[in-house]
Amino acid sequence: MSTPLLEVGGLAVRYGVINAVEDVSLSVAPGSIVSLIGSNGAGKTTSLRAISGLLAPAAGSIRFDGRDLAGVAAETRVAMGLAQVPEGRRVFPRMTVLENLQLGAYLRPGDASVPEDLEAITTLFPILEQRRKQLAGTLSGGEQQMLAIGRALMSRPRLLLMDEPTMGLAPQMVELILERILEIRRLGTTILLVEQNAVEAIRLSDMVTVLRLGRVVHTSPGSEIGDDLLRDLYLGHDV
Amino acid sequence: MDIFGQLLVNALMLGAIYALAAVAYTLVYGVIQLVNFAFGELFMLGAFICVSLMLPSVALFGWQAPMPALPFLVALPLAVVIVAGLGVVVERLAYRPLRNAPRLAPLIAAIAVSVLLQSVAQSIWGPEELRFPRFALGQLPPIVLFDTIYIRVMEIFVLVAAIASMIGLTLFVQYTRMGRAMRATAEDPTAARLVGIPVNRVIAMAFLIGSAFAALAGVLYAQTYSFAHPTMGFLPGLKALTAAVLGGIGSIPGAALGGMLLAFVETFAAGYLPNGAAWRDAVGFAILILVLAFRPQGILGRKELNEAPAGSLVGEQVAPRGLFAPVDRFFGWLGQGNTVLNIALACIAVALAFIITNDYWLRILVFVVTYGMLASGLNIVVGFTGLLDLGFVAFFAVGAYFTSILFVLVLRGRFGIDPADIWWLFYANLFLGGALAALIGALIGTPTLRLRGDYLAIMTLGFHEIIRIVATNWIDLTRGPMGIRGIPTPSLFGMPLMSPKYLYLLGLALSILVVFGIARLVRSYVGRAWVAIRENEVAAEAMGVPTARYKLLSYATGGFIGGLVGVFFAHSQQYISPLSFSLFENILILMLIVMGGLGTFIGPFLGALFWIVFLQVAQGMPLIQAHPELRYAALGLVLVLLMIYRPQGLAARARVSLMMSK
């Protein structure tokens with residue numbers, strides 16, 4: 001196996017005196033989809049925010065492409081090829097769809113391939129092309145999710161962190177988004193996915209890491225996780 | 001016709017200047033939701049630097065320093081650039097460390113920076129005004145329209161400069177990469193970071209542009225009125241903030257509209273109303289209050305900005321750690337509500353009256369208890385209920401004027417009654433003055449109920465200014481700026497409590513009553529509702545706390561104490577004038593509580609003790625003797641440092657929390 005694109009070791013994050021995440025380790029091989037699953041409050045989003053640099057870890061190391069990310073600002077991580085689709089989409093609501101996408105390419109001023117990427121994204125999500133002059137806040141939830149993914153892709157990331165991309169979407173839309181995630185990987189972007197929808201996430205992923213109460217309780221290829229194991233993991237029996 | 005035409009030109013001038021300065025507030029508020037009060041001072045510094053650069057030499061710190069005597073068109077951009085740089089430095093040193101601090105901290109820091117800059121400017125350029133030098137452009141003959149309207153070339157310049165910079169800024173924000181990044185940061189700073197926008201640099205940029213606009217406005221203002229003065233930024237700064245809020249803070253066209261609207265209303269009120277010049281400011285603030293009452297987001301603003309961000313105004317309780325650990329342990333012990341301890345503290349305070357025999361220091365103690373009580377009243381509103389009130393001194397004024405007018409102007413002046421015959425009225429007035437102020441507090445509170453956070457602060461500020469303007473200008477009622485003299489000292493059964501010792505004891509007795517009363521209220525269900533509103537207003541409402549009622553009660557209780565202290569103050573000083581009730585007093589009181597500890601019983605007195613003793617000690621220092629205004633600079637500096645390292649104040653451990661342990 002090649003060297004991992006992202007390697008997290010012994011990560012701990014604290015909110016004041018509360019340990020949100022303790023000793024979390026995971027690795028993401030280039031070209032793969034890795035899922036981080038677990039119930040509410042397991043520490044999935046916290047781990048992701050530490051990886052993208054929004055939170056400072058209390059302990060542990062995060063290495064991206066062999067480089068230690070300690071003390072590297074969130075915006076610098078984006079420049080290194082690490083983009084996050086945040087939980088709850090968080091598009092810029094009073095800016096147009098096009099402006100949102102252009103902001104995704106904020107760190108690529110004067111890059112001649114930006115229009116090309118814009119086109120690739122509108123091929124992936126054709127609805128964004130129709131809505132390009134519309135304010136992002138007026139899009140439906142699913143459309144906003146597409147825009148959030150498209151915005152993150154505009155930075156040409158090598159690793160895409162996705163936080164609950166199917167949250168609150170209609171089943172049809174969930175299916176479409178999951179299908180597009182596979183397509184994004186096929187186009188060459190590695191993906192670390194945080195999901196509550198464990199069954200779908202496992203189906204999609206090469207590797208699955210399960211968190212419970214801020215700790216890693218299980219890591220294996222998705223195919224090795226059967227229903228029994230899943231039930232145990234979620235309902236809290238010891239594994 | 002000719003007066004109308006001239007007023008039109010004047011209004012346009014003033015509107016252009018207000019609009020430029022309003023842009024500064026609106027831009028920074030839009031990006032980081034901070035009312036940077038220091039823009040008023042950057043406005044003033046712009047004027048001073050430009051004037052200095054245009055002179056052949058200028059007195060700095062009392063020394064004649066050679067200056068380049070630049071032409072206006074060179075000095076103006078240079079001053080703007082220098083002030084813009086200064087704005088960035090201020091942001092870096094005073095505001096950036098507070099990015100994750102409790103919500104009140106940046107606002108207090110902004111007020112502190114404003115006090116600091118004003119004092120330093122006064123030290124550098126002196127308290128006298130500096131005349132704006134003559135320059136070629138200003139000497140050109142005016143253009144005459146319709147034979148009656150005279151327009152100076154500089155007036156056209158002001159208007160053109162304002163319009164050009166507004167259009168330039170709009171294009172910049174709309175179409176450039178940095179402008180887009182600014183809008184994105186304003187909408188969602190976290191998402192902005194995730195697309196790689198260096199948010200700190202964007203914020204610094206907002207300060208850079210904002211400060212440049214403030215400086216430009218300052219230079220144009222100084223040029224129009226031909227002077228520069230250390231306090232010149234204060235009122236225009238407030239007006240610009242008012243204009244920004246009127247138009248809808250966060251909106252650049254709103255700033256332009258608000259600036260023009262305010263200037264037109266003021267100018268035409270001054271021109272056409274009887275004695276209008278005296279009342280013009282009151283008219284401006286009245287418009288602000290009306291607009292906020294009926295359309296809290298301003299004319300072009302968005303509703304969301306009136307939503308207070310989640311989280312407590314005053315921040316979390318501190319854990320005793322590091323440098324402050326002994327202080328925390330001490331106040332933790334002091335604030336536990338032990339009856340024996342409280343009685344012991346009161347006894348020590350009483351004993352001071354007999355230990356200290358020096359009248360001078362006893363007089364200082366009278367000040368300490370006066371300010372301590374006053375700060376305790378404001379503490380109810382800010383510290384316990386979490387409502388930012390910048391107009392509290394108005395209640396103090398109401399109490400003081402009520403008793404003074406009654407005793408001096410009505411009873412003695414009209415009916416010839418000797419105050420000694422009605423000595424008991426003073427004690428009755430403590431309550432009547434308090435009740436009157438409480439009533440006004442509830443009245444003022446009503447239109448503010450829809451407002452949250454910073455908007456509330458601005459509205460209370462408007463109320464305060466109106467009351468101050470009334471006190472200054474309604475001469476028949478208040479004797480105006482001359483003030484009221486000969487207010488009788490308090491007496492007991494005909495024995496005048498003239499000596500500082502008795503005044504201190506009287507003040508102390510009132511303080512004990514006030515603190516006891518506040519403590520009973522705060523430790524009842526009322527106080528629990530207040531603290532719940534402070535910690536999270538939405539959650540409190542969801543839990544069934546009738547927030548409107550408790551907010552009004554908070555204003556009324558705070559107002560009552562303010563009025564009561566006002567009565568005591570008037571009689572113990574025997575003289576009052578509008579100067580005692582300036583906005584600066586209010587800022588000072590707020591700072592005292594912040595320093596002592598918001599939401600504590602001891603904090604207001606602690607802050608008052610520190611400040612007033614510092615004032616006395618500082619009087620002996622040679623540096624302070626040469627530059628008395630540096631005392632305020634020191635206060636500003638201490639507060640900025642306190643906000644960075646210890647935003648909860650000294651006695652934070654004594655803070656009354658939501659959970660009742662006993």
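Read the figures in this text as sums done on the coordinates, not as results from a lab. The shown structure was predicted, so the numbers you read here are calculated from the model rather than taken from an experiment. Glycine also receives a Cβ, built like all others from the backbone with ideal geometry; neighbour counts cover every protein chain displayed.
Could you tell me the convex hull volume per residue, in Å³, taken over the Cα atoms of the protein assembly as shown? Walk me through the numbers on the way to the answer.
Working: hull volume 175.7 nm³, N = 901.
Dividing the Cα hull volume of the protein assembly as shown by its residues yields 195 Å³.
Grab the alpha carbons of region B:163-267, take their convex hull, and tell me the volume per residue in Å³. Write down the numbers at each step before the final one.
On the way: hull volume 11.2 nm³, N = 105.
Looking at region B:163-267, the number lands at 107 Å³ per residue.
In debye, nearest 20: dipole of region B:419-569 around its Cα centre with unit charges on the Cβ of K, R (+) and D, E (-)?
Numbers: 12 positive and 7 negative charges, 47 e Å.
Its charge dipole is roughly 220 debye.
Regarding region B:2-302, what is the average projected area of its C-alpha convex hull, in nm²?
Values: hull surface 65.6 nm².
The orientation-averaged projected area of the Cα hull of region B:2-302 comes to 16.4 nm².
What does the helix-only formula give at 222 nm for chain B: each DSSP H stretch with n ≥ 4 adding -39500 (n - 2.57), the total divided by the residues, and the result rounded to the nearest 500 deg cm²/dmol? Mind dumping the intermediate values first?
Details: 26 runs with 437 residues, N = 662.
Only helices count here, giving -22000 deg cm²/dmol.
How large is ³J(HN,Hα), in whole Hz, for each residue of region B:194-203 in order, when computed from phi with the Karplus curve 6.51 cos²θ - 1.76 cosθ + 1.60 and θ = phi - 60°, using x for Gly and Pro?
6, 9, x, 7, x, 4, 4, 5, 5, 5
Just tell me which aspartates and glutamates come within less than 15 Å, Cα to Cα, of B:Lys501; anything on the same chain fewer than 8 places away is out.
Within the straight-line cut-off, B:Lys501 pairs with B:Asp359.
Given a Förster radius of 51 Å and the C-beta distance between B:Val617 and B:Ala164 as r, what FRET efficiency does 1/(1 + (r/R0)^6) yield to the nearest 0.05? Write down the numbers at each step before the final one.
Values: r = 51 Å, r/R0 = 1.01.
That gives a FRET efficiency of 0.50.
Using the crude model of +1 on Lys and Arg Cβ and -1 on Asp and Glu Cβ, and no other charge, please compute the dipole size for region B:2-302 relative to its Cα centre, in debye to 20.
Details: 16 positive and 11 negative charges, 192 e Å.
The dipole magnitude comes to about 920 debye.
Let me see the pair-distance distribution of chain A: every alpha carbon pair, 5 Å bin width, integer percents in order.
Here the calculated profile for chain A is 1, 7, 14, 18, 20, 17, 12, 7, 3, 1, 0.
List the residues whose amide H sits under 5 Å from the amide H of A:Val208, counting only those 5 or more places along or on another chain, with H placed 1.01 Å from N in the peptide plane.
A:Ser35, A:Ser220, A:Gly222
Relative to the longest principal Cα axis of chain B, at what angle does helix B:2-32 sit, 0 to 90 degrees, rounded to 10?
That helix lies at roughly 70 degrees to the long axis.
If you take the charge dipole of region B:2-302 about its Cα centre, with +1 on Lys and Arg Cβ and -1 on Asp and Glu Cβ, which of B:Gln139, B:Val89, B:Pro236 is farthest toward its positive end?
B:Val89
Given only helices, namely DSSP H runs of n ≥ 4 each adding -39500 (n - 2.57), what is the per-residue ellipticity at 222 nm of chain A, to the nearest 500 deg cm²/dmol?
Numbers: 9 runs with 85 residues, N = 239.
Calculated at 222 nm, the ellipticity per residue is -10000 deg cm²/dmol.
A:Lys133: which aspartates and glutamates have alpha carbons under 19 Å from its alpha carbon, excluding same-chain residues fewer than 8 sequence positions away?
Output for A:Lys133: A:Glu99, A:Glu116, A:Asp117, A:Glu119, A:Glu143, B:Glu187.
Rank the residues B:Trp63, B:Trp125, B:Trp361, B:Trp423 as a footprinting-exposure proxy: fewest other Cβ atoms within 10 Å of their Cβ go first.
On the way: B:Trp63 8, B:Trp125 23, B:Trp361 15, B:Trp423 19.
Going from least to most buried by this count: B:Trp63, B:Trp361, B:Trp423, B:Trp125.
Find which of B:Ala654, B:Thr460, A:Gly9 sits farthest along the positive direction of the dipole of the protein assembly as shown, computed with +1 on the beta-carbon of Lys and Arg, -1 on that of Asp and Glu, about the Cα centre.
So the residue we want is B:Ala654.
Assuming R0 = 51 Å, what is the FRET efficiency of A:Gln130 and B:Ile156, from their Cβ-Cβ distance, to the nearest 0.05?
Numbers: r = 48 Å, r/R0 = 0.95.
Efficiency, rounded to the nearest 0.05: 0.60.
Where the Cα atoms of region B:531-631 are projected onto their three principal axes, how long is each span, largest first, in whole Å?
58, 28, 22
Considering the options B:Ile469, B:Ile356, B:Val340, tell which one lies farthest towards the positive end of the dipole of chain B, charges being +1 on Lys and Arg and -1 on Asp and Glu at the Cβ, about the Cα centre.
The one lying farthest along the dipole's positive direction is B:Val340.
So what are the ³J(HN,Hα) numbers for region B:463-471, from phi and the Karplus equation (6.51, -1.76, 1.60; θ = phi - 60°), rounded to whole Hz, Gly and Pro as x?
Each residue's phi maps through the Karplus curve to give 4, 4, 4, 4, 5, 5, 5, 4, 4 Hz.
Please get the size of the charge dipole for the protein assembly as shown, origin at its Cα centre, with Cβ charges of +1 on Lys and Arg and -1 on Asp and Glu, quoted in debye to the nearest 20.
Details: 62 positive and 54 negative charges, 245 e Å.
Roughly 1180 debye for the protein assembly as shown.
Once a ≥ b ≥ c are taken as the square roots of the eigenvalues of the Cα gyration tensor of chain B, is the result rounded (a/c under 1.5), prolate (a/b larger than b/c) or oblate (a/b not larger than b/c)? Walk me through the numbers before you get to the answer.
Values: a/c = 1.68, a/b = 1.38, b/c = 1.22.
It is prolate, given that a/c is not under 1.5 and a/b is the larger ratio.
Can you give me the long-range amide H partners of B:Leu492? Hydrogens built in the peptide plane at 1.01 Å from N, cutoff under 5 Å, separation of 5 or more residues or another chain.
Amide H to amide H, under 5 Å and 5 or more residues apart or across chains, B:Leu492 pairs with B:Leu497.
Quick check: residue separation of B:Gln64 and B:Asp188 times 0.36 nm, minus the Cα distance between them. What number comes out in nm?
Values: separation 124, 0.36 × 124 = 44.64 nm, distance 5.00 nm.
Length difference between fully extended and current span is 39.6 nm.
So what's the net charge close to B:Gln174: Lys and Arg +1, Asp and Glu -1, counting the other residues with Cβ under 9 Å from its Cβ?
Values: positive: B:Arg180, B:Arg183; negative: none.
Once all neighbours under 9 Å are counted, the net charge is +2.
Is the shape of region A:15-151 rounded, prolate or oblate, going by the alpha carbon gyration tensor and its root eigenvalues a ≥ b ≥ c, with a/c under 1.5 for rounded and a/b larger than b/c for prolate? Please list the in-between numbers first.
Details: a/c = 2.14, a/b = 1.64, b/c = 1.31.
Since a/c reaches 1.5 and a/b is larger than b/c, the shape of region A:15-151 is classed as prolate.
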